[in-house]
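No lab work stands behind these numbers, since they all come straight from the coordinates. For clarity, every value in this text was computed on a predicted model and none was experimentally measured. Cβ sites come from the backbone with ideal geometry, for glycine too, and all protein chains shown count toward neighbours.
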Amino acid sequence: MSKNIACIILAAGKSTRMKSKVSKVLHPVCGRPMLGYVLDLVQSLKVTRA
């Protein structure tokens with residue numbers, strides 16, 4: 001029995017409190033944008049609708 005998995009990624013923010021010109025989700029963590037980790041996880045879950 002297969003399950004349909006839907007995903008919504010909430011990725012917003014201007015980083016004004018971080019005093020950065022780079023969007024929060026694009027800040028690098030260990031050399032990769034934070035959003036990259038989220039996208040990898042979503043891909044591994046075999047999401048059917050995003």
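Below are the figures for this structure:
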quantity	calculated
Helical mean residue ellipticity (222 nm; -39500 (n - 2.57) per DSSP H run of 4+; nearest 500) of the chain	-6500 deg cm²/dmol
Size descriptor, Kirkwood hydrodynamic radius, that averages inverse alpha-carbon separations across the chain, Å	12.4
Sites residue 26 and residue 49 - FRET efficiency at Förster radius 22 Å, r taken between beta-carbons, to 0.05	0.35
Cα centre as origin, Lys/Arg/Asp/Glu Cβ charges: the chain dipole, Debye	220
